[in-house]
1. With 10 Å bins from zero, work out the P(r) of region 1-63 over every alpha carbon pair and list the percent per bin.
2. With every protein chain kept in the model, how would you rank 260, 219 by accessible area, 1.4 Å probe, largest at the top?
3. Return the sequence-ordered ³J(HN,Hα) values of region 7-24 in whole Hz as given by the Karplus equation 6.51 cos²θ - 1.76 cosθ + 1.60 applied to θ = phi - 60°, using x for Gly and Pro.
4. Over 21 Å apart: what share of the alpha carbon pairs of region 241-341 falls there, rounded to a whole percent?
5. Quickly rank 51-63, 68-80 as a protection proxy: mean count of other C-beta atoms within 10 Å, highest first.
6. Over the chain, with every protein chain in place, what whole percent of the accessible area is carbon and sulfur at 1.4 Å, could you tell me?
7. Two decimals, Cα atoms only, Kirkwood Rh: what is Rg/Rh over region 258-312?
8. Rolling a 1.4 Å sphere over the protein heavy atoms, what is the accessible area per residue of the chain, to the nearest Å²?
Amino acid sequence: MKEQILYRLEVAPLMILPLARSPFFSYASDTPVPKGSLVSISFGKQMGEGIVYDSQILPGRKPIWMKYIEAVAVPKFLTDEQCELALAVSEEYFTPLGKVLKHFLPKRVKERTTKKKIPKQERLLALRPTKVERSVLENPLIKEKGNPLFLDTSLEQENGRLLSLLTKEVYRSKQQTLIIVPEITLLPLLMRTLCQYFPLDAMAVLHSKLSDGAYFSAWERIRSGEAKIIIGTRQSLFAPFQSLGLIIVTEEQDESYKQWDMSPRYHGKRVAEFLASIHKTTLLFTSGTPSSETLARIESKYLLPLNPLPNHPPASDQLSIINLRLERYRKNYSPLSLELIQRIDEALTRREQILLYINRQGLSAFSVCERCKEVFRCKECEHPLVNTEDGGFHCLNCRYKTGSFPSCPSCGHLVFRHVGFGTEKIEREIEKRFPSARVARLDSSTQKASGTLENIVESGLSGAIDILIGTQMALKNPPLPNLSLVAMIDADSLLLFPDFQADERLFRDISRALRQTKVTTHGRVLVQTFHPEHAFFQKIATDGSTLFLQKLIAERRDLSYPPFARFMSLSVSGKTASEAEKRAEKLRTSLEPYLEGLRMYPGKPVERQKKRGLFESQILIRFPETLPQALRTFLQKNSKDCIIDIDPLSLR
């Protein structure tokens with residue numbers, strides 16, 4: 001009797017397992033199972049699922065300890081490239097492979113059919129490149145599959161047109177193009193542009209706000225190769241591409257590409273480089289205000305520019321710095337300065353559009369008890385609570401909400417004094433001063449309501465919004481074609497942020513605002529601050545963009561700060577502040593033998609409670625491009641004792 005042939009499968013269970021051991025477990029199968037297949041398995045005493053990474057004929061007899069797989073749920077559910085990318089992300093960001101793979105797997109749910117009418121697409125427009133656009137398209141670097149490329153979009157007249165031209169070239173070759181945006185708020189405008197030149201059935205959109213059914217439907221269209229143009233947020237990097245010809249990372253300087261609040265704490269730009277390398281395809285970064293990291297990489301010739309980088313002149317003619325100390329001296333306690341009120345009135349008279357930007361939502365920054373002067377904080381995470389229109393308070397850090405009549409937890413007093421202001425407070429102030437103006441607000445709270453973003457985009461583009469009030473998501477690409485005035489209500493919240501990147505962030509925001517107001521002859525940017533004498537404001541008034549960024553990069557080089565080094569944050573938690581500090585000190589001592597040539601910064605004292613009632617202490621390590629293998633092995637063995645964040649957003 002002929003002996004039955006068995007197959008040994010190497011399966012990565014979709015479970016959180018220790019990093020120190022192999023993520024693969026051996027199972028037996030009567031038939032070969034392709035790589036990337038989703039299989040049902042028995043793991044210990046529980047049932048679960050896993051992804052097949054290898055399938056080989058099992059030599060000899062099956063060992064007693066080896067289990068059979070239960071079933072093949074979906075053959076070839078992930079592509080070979082997805083499996084390889086998951087391994088790279090797991091290795092780079094110290095996250096168990098099973099947890100990383102969950103980011104690649106959509107929920108297998110059919111899209112619910114509704115009676116909602118699909119908008120009829122207008123006749124597609126012809127794309128004819130201008131002389132400047134043709135010089136970019138004919139650049140021989142585009143055809144090469146080597147170093148990543150960079151495209152400066154600061155002088156682009158029509159948003160998204162050049163991206164459409166680049167996409168058209170790939171579309172003609174029947175390959176797929178991935179276009180990534182940092183925020184969901186940027187998708188509607190980009191989609192409007194692309195829909196002018198490409199059929200709707202050739203496009204797919206991926207982002208976290210889609211229903212499970214809609215996400216899975218788009219995912220399947222990408223996997224089948226039907227969708228040739230994929231537009232999405234950083235989540236779309238994990239899609240099952242069949243023939244990827246071009247990856248475009250728009251607004252590359254944006255920090256929203258970093259996933260900072262959950263594992264894997266990856267950066268979309270770095271994962272895009274992994275993806276381009278795996279698919280052997282072209283990677284293009286675009287920005288109108290490139291980051292210092294990008295400029296340094298262009299200087300080192302790692303990143304190759306497709307067009308010359310312009311030197312924007314000093315912004316003194318178009319920029320006004322408003323001294324808020326002088327406003328208080330004049331007894332003006334409103335968040336709107338007298339000059340801003342006048343400029344808004346003039347812009348409304350000319351029927352132009354206005355954007356008011358404040359980096360905080362809600363009615364105030366925080367609230368203080370009138371009796372004991374304690375800051376009213378969230379009982380879950382110690383974050384300052386923000387008052388709401390119904391008289392209650394809510395936490396912007398977690399989902400905690402109080403009742404309508406909360407009392408001070410320290411003394412029981414019912415009256416609070418609200419300090420600072422947010423988007424809702426500015427909205428109230430504008431509606432009071434300009435009752436006839438059509439006002440809209442765009443922040444995280446308004447974005448949650450279904451259809452709000454699309455309605456704001458439609459209203460803005462049609463001229464039905466006079467004043468748009470919003471956080472940074474509104475500043476990135478406001479749907480205001482007749483924008484003539486941008487006001488930063490509270491620049492100090494960005495400038496005085498305790499981080500070495502604060503200057504660069506504020507410079508990018510001001511540069512973006514200056515660029516967006518050039519569409520009209522009366523374009524103006526107002527920046528309100530209590531510190532007009534700050535060296536930053538002196539620099540932007542006298543230095544052009546190139547000189548300002550050259551000085552910034554020189555400072556970073558002297559200090560060995562990014563982009564000339566990288567940081568790694570290790571967060572250790574405890575039920576009390578002293579417990580968190582003891583654990584951090586123990587970890588510091590254990591790390592010292594592995595830090596030759598690296599620098600570990602002194603930890604700062606544990607201040608307040610974080611989420612889940614735990615206190616947190618942070619260790620910061622500076623290292624070159626790659627971590628030493630000995631340190632990497634140590635961290636893998638001790639990853640359960642701390643949260644590891646490679647390239648953290650802030651050093652606080």
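1. Percent of Cα pairs in each bin: 22, 49, 24, 4, 1.
2. On the way: 260 145, 219 5 Å².
So, going from the largest accessible area down, we get 260, 219.
3. Per residue, the Karplus-derived 3J(HN,Hα) values read 10, 9, 9, 9, 10, 9, x, 7, 9, 8, 10, x, 5, 5, 10, 5, x, 9 Hz.
4. Numbers: 2904 of 5050 pairs.
In whole percent, the share of Cα-Cα pairs in region 241-341 beyond 21 Å is 58.
5. On the way: 51-63: 14.6, 68-80: 16.3.
So the peptides 51-63, 68-80, ranked by packing, come out 68-80, 51-63.
6. On the way: 16410 of 32010 Å².
The C+S portion of the solvent-accessible surface of the chain is 51 percent.
7. Details: Rg = 13.3 Å, Rh = 13.0 Å.
Radius of gyration relative to Kirkwood radius: 1.02.
8. On the way: 32010 Å² over 652 residues.
The answer is 49 Å² per residue.
The values are calculated or read from the model by the stated rules, or taken from the named source; none is laboratory data. Owing to the predicted nature of the structure, the values given are computational and were not obtained by experimental measurement. Positions of Cβ are generated from backbone atoms using ideal geometry, with glycine treated the same way; all protein chains shown enter the neighbour counts. Surface accessibility is based on the protein's heavy atoms, side chains included, excluding ligands, DNA and RNA. Shrake-Rupley method; radii C 1.70, N 1.55, O 1.52, S 1.80 Å.
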